[in-house]
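Peer 1: Attaching a single structure in structure tokens format; questions to follow.
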Amino acid sequence: MILRTEGEINPYYVQTLCMLFFPGAKFGQEEKPGPGVPEADLHLRRTAEGFEATAQLKLDHATGRGSYLFRMADFPALTEERGAKIAAGRAMLTAGKELQGYQPPWGILTGVRPSKVASELIVSEGGVNRARRVLRDEYLVNTKKAALAVSVAATEMKILRRLPPQEGLCSVYVSIPFCPSRCAYCSFVSNTTGRLLSLLDPYLETLYLDIDNIFGVIRSLGLRVATVYIGGGTPTVLSEEQLGRLLARIGRHLGGGELFEYTLEAGRPDTITEEKLRIARASGITRISVNPQTLSDELLARIGRRHSVADFYRAYELAASSGIADVNVDLIAGLPGDSFRNFSDSVDAVLALSPSNLTVHSFSVKNAASIRQSTKDVADLTSSADAAKSVDYSQLKTKIAGYRPYYMYRQKNTVGNLENVGYAREGREGLYNIFMMEEMHSIFGVGAGSVTKLLGHDGKGNRLIRRIFTPKYPYEYLKGAEKIRCGDRTEGQASIADEIGEFYRRNL
Ligand SMILES: C[S@@+](CC[C@H](N)C(=O)[O-])C[C@H]1O[C@@H](n2cnc3c(N)ncnc32)[C@H](O)[C@@H]1O
Ligand code: SF4
């Protein structure tokens, strides 16, 4: 796609606006105008009153145009940056609607965390009603989504008020990027072949050293660990013996009883055994995921998920009777080949089990997923008319069943531009999800593909965020782990402990 912008606006934001109308669009410099190549022009200027934007979207012989003037004086609490974004977004949305007749459900909110904007509006505009109105009238978010975002933000605020202050807290993420087989819709770097699974033992040996190292860093900084999340991939791909050793290694560093939550994202029902759950419970795990994605055997087979609905029920019953306090269940709405009937039956069947958490993901097209490789056009995978209805159904039925939406995020290329929402019974919310999504405190990542996200302040009221990435693939991770852990003088590479220490010395 060709994009031309003029004025003080982040071009990445304008690209995300374009993608609302042209999902999966790529923005190469070398793209030439021609048949089937969409073109966008955006002009933004600061006037005495505020920001004035004009936009034009073109595809072949069709053109859509839009313009908007955002008056800063009407919203004195909003920043200049927000004002510019609203003007640009409104002009682009009008142009897109004229071209394609489509009004995106989240309006001009293209970011990952709409509830963060909602939280800011609750504070700056003075309450939930006004925040809802601004989202609807200025950001063009539809009524249902505005209510959802504000409800998530209000719930998060309530939960955070219940917890001790975030100062001095942190969380730890431990990555197990291995799966028993690869699902067709997933792009996760999950290592599934026999050859890669044979890396599990050396992987765990290196991981143990990194676990010891990172907890040492946390202690030396005087931080307290609020939550630990063991995620994947599929952590329960580990054998009973491997899982026991991993949890024992992490357990050496826990103690003191301050941990709010300890999650094992088991996920795949076909990897869950009674003994693994017993080990998990005995090691202090408080939250586990058992994920069917859908309760249709036909669809499970089509999406390459090698387990049955009966496997899910078996694993869920084991988890529910294991003594682990909270069980989460993941479903995906809008999977290719799914229908509203199928999905709503899945929601009803899961709610009948009464898990403490239900997470509803909207199907997102990932370029590395095998389903994408075998389909020419992204639109063929995301054209499900039933997806929006399915998501609305889950919102309504969870509410009736006594759940509240407590965290939410959006991904790129989702069917119908829809969102992912975590629902929980009151007091049973997955706290790690909130801490991570709302960037409440630093998160220390261990293992291949993990990210350490350090949060601080520069002393002048500005937030500082530093991300440290760990190599994605187990091979690269095994090769580079020692250098990352210990540093390398000859190459002038600091150890991760020094990098983190340096960040904490400079900021706070
Ligand atoms: C990284 S996966 C790990 C979970 C675990 N391995 C499992 O399969 O149950 C976390 C969740 O992301 C969701 N997910 C993965 N790929 C997705 C996609 N393409 N679109 C929407 N949700 C997706 C699924 O609901 C999955 O349970
Ligand atoms: S959905 Fe889960 S099991 Fe399937 S490939 Fe992705 S991470 Fe692995």
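The values are calculated or read from the model by the stated rules, or taken from the named source; none is laboratory data. Every value quoted in this text rests on a predicted model; they were computed, and no experiment measured them. Cβ placement follows ideal geometry from the backbone for every residue including glycine, while neighbour counts extend to all protein chains displayed. Remember, those area values only see protein heavy atoms, side chains included, never the ligands or the DNA or RNA. Shrake-Rupley method; radii C 1.70, N 1.55, O 1.52, S 1.80 Å.
Peer 1: Can you give the relative contact order of the chain as a percent, counting alpha carbon pairs under 8 Å and 6+ residues apart?
Peer 2: 13 percent
Peer 1: Out of the trypsin sites (Lys or Arg not before Pro) in the stretch 213-261, which ones are loop residues according to DSSP with at most 13 other C-beta atoms within 10 Å?
Peer 2: Sparse-neighbourhood loop trypsin sites (Lys or Arg not before Pro): R252.
Peer 1: Kindly express, to the nearest 10 degrees and within the range 0 to 90, the angle between helix 128-137's C-alpha long axis and the longest C-alpha principal axis of the chain.
Peer 2: 50 degrees
Peer 1: Just by accessible area at a 1.4 angstrom probe, what is the order of V134, V123 from largest to smallest?
Peer 2: Heavy-atom accessible area, descending, gives V123, V134.
Peer 1: Still on this model: Place a +1 charge on the Cβ of each Lys and Arg in the stretch 105-162 and a -1 charge on the Cβ of each Asp and Glu, then give the dipole magnitude about the Cα centre in debye, rounded to the nearest 20.
Peer 2: 240 debye
Peer 1: Next question, about the same structure. Leaving out ligands, DNA and RNA, and with a 1.4 Å probe, what % of the accessible surface on the stretch 152-226 is carbon or sulfur?
Peer 2: Carbon with sulfur: 59 percent of the solvent-accessible area.
Peer 1: Quick one: Karplus J couplings for the stretch 302-316, per residue in order, coefficients 6.51, -1.76, 1.60, θ = phi - 60°, nearest Hz, x for Gly and Pro?
Peer 2: After applying 6.51 cos²θ - 1.76 cosθ + 1.60, I find 5, 8, x, 9, 7, 8, 10, 4, 4, 4, 4, 4, 4, 5, 5 Hz.
Peer 1: Taking H as built 1.01 Å from N, whose amide H comes closer than 5 Å to the amide H of K472, not counting residues under 5 places away?
Peer 2: Answer set, sorted by chain and number: G449.
Peer 1: Based on DSSP H runs of at least 4 residues, each adding -39500 (n - 2.57), what is the mean residue ellipticity at 222 nm of the chain after dividing by all its residues, to the nearest 500 deg cm²/dmol?
Peer 2: Calculated at 222 nm, the ellipticity per residue is -12500 deg cm²/dmol.
Peer 1: With angles folded into 0 to 90 degrees, how steeply does helix 240-251 sit against the dominant principal axis of the chain? Use alpha carbons for both and round to 10.
Peer 2: 80 degrees
Peer 1: So, one more: Select from A131, G107, A147 the residue farthest towards the positive end of the dipole of the stretch 105-162; place +1 on Cβ of Lys and Arg, -1 on Cβ of Asp and Glu, and compute about the Cα centre.
Peer 2: Result: A147.
Peer 1: Quick one: in the chain, what % of C-alpha pairs are over 32 Å apart?
Peer 2: Result: 47 percent of Cα pairs exceed 32 Å.
Peer 1: What figure in square angstrom, to the nearest 10, would you give for the accessible area of K144 with a 1.4 Å probe?
Peer 2: Solvent-accessible area, nearest 10 Å²: 110 Å².
Peer 1: Let me ask something else. Can you give the local net charge around R4? Use residues other than it whose beta-carbon is closer than 12 angstrom to its beta-carbon, Lys and Arg +1, Asp and Glu -1.
Peer 2: Net local charge, R4 excluded: -3.
Peer 1: Give the angle, between 0 and 90 degrees and rounded to the nearest 10, that separates the Cα long axis of helix 80-100 from the longest principal axis of the Cα atoms of the chain.
Peer 2: Around 70 degrees separate the two axes.
Peer 1: Now, a different point. Looking at the stretch 1-77, which GluC sites (Glu not before Pro) are DSSP coil and have at most 11 other C-beta atoms within 10 Å of their C-beta?
Peer 2: E30
Peer 1: All other residues with a Cβ under 9 Å from the Cβ of L299 taken together, and with Lys, Arg as +1 and Asp, Glu as -1, what is their net charge?
Peer 2: Net of charged neighbours comes to -1.
Peer 1: Okay, next question. Between A48 and M157, what is the spin-label point distance in nm, taking each point 7 Å from the Cα along the Cα→C-beta axis?
Peer 2: Modelled inter-label distance: 3.7 nm.
Peer 1: With charges only on Cβ, +1 for K and R and -1 for D and E, what is the dipole size of the stretch 133-215 about its Cα centre, in debye, rounded to 20?
Peer 2: Numbers: 9 positive and 8 negative charges, 139 e Å.
With Lys and Arg at +1 and Asp and Glu at -1, about 660 debye.
Peer 1: What is the sum of charges around R404, taking Lys and Arg as +1, Asp and Glu as -1, for the other residues whose C-beta is under 11 Å from the C-beta of R404?
Peer 2: Here the count lands on +1.
Peer 1: Using the heavy atoms of the protein chains and a 1.4 angstrom probe, tell me the accessible area per residue for the chain in square angstrom.
Peer 2: Details: 22080 Å² over 508 residues.
Per-residue accessible area for the chain comes out at 43 Å².
Peer 1: In Å and on Cα atoms, what radius of gyration and Dmax does the stretch 1-103 show?
Peer 2: 13.7, 45
Peer 1: Then there is this: Could you calculate the contour length gain from A310 to E426, that is, 0.36 nm times the residue separation minus the distance between their Cα atoms, to one decimal place in nm? Don't skip to the answer; put the middle values down first.
Peer 2: Values: separation 116, 0.36 × 116 = 41.76 nm, distance 2.89 nm.
Stretched out fully, the A310 to E426 stretch lengthens by 38.9 nm.
Peer 1: With the cut-off at 1.5 for a/c, could you classify the stretch 145-251 from its C-alpha gyration tensor as rounded, prolate or oblate?
Peer 2: The shape class here is oblate.
Peer 1: Just name one of L207, L478, Y316: the one whose Cα is farthest towards the positive end of the charge dipole of the chain (beta-carbon charges, Lys/Arg +1, Asp/Glu -1).
Peer 2: So the residue we want is Y316.
Peer 1: Between E275 and K460, with labels modelled 7 Å along Cα→Cβ, what's the label distance in nm to one decimal, could you check?
Peer 2: Once both label points are built, they end up 6.0 nm from each other.
Peer 1: Are there GluC sites (Glu not before Pro) in the stretch 402-508 that DSSP marks as loop and that have at most 15 other Cβ atoms within 10 Å, and which are they?
Peer 2: Answer in residue order: E426, E439, E491.
Peer 1: Would you please give the residues with an amide H less than 5 Å from that of A266, counting only those at least 5 places away or on a separate chain, with H modeled from the backbone geometry?
Peer 2: Placed amide hydrogens put S289 under 5 Å from A266.
Peer 1: In vacuum, with every alpha carbon of the stretch 56-213 counted as one equal point scatterer, what does the Debye formula give for log10 I(q)/I(0) at q = 0.09, 0.16, 0.21 Å⁻¹? Two decimals, please.
Peer 2: Per q value, in the given order, log10 I(q)/I(0) is -0.55, -0.94, -1.25.
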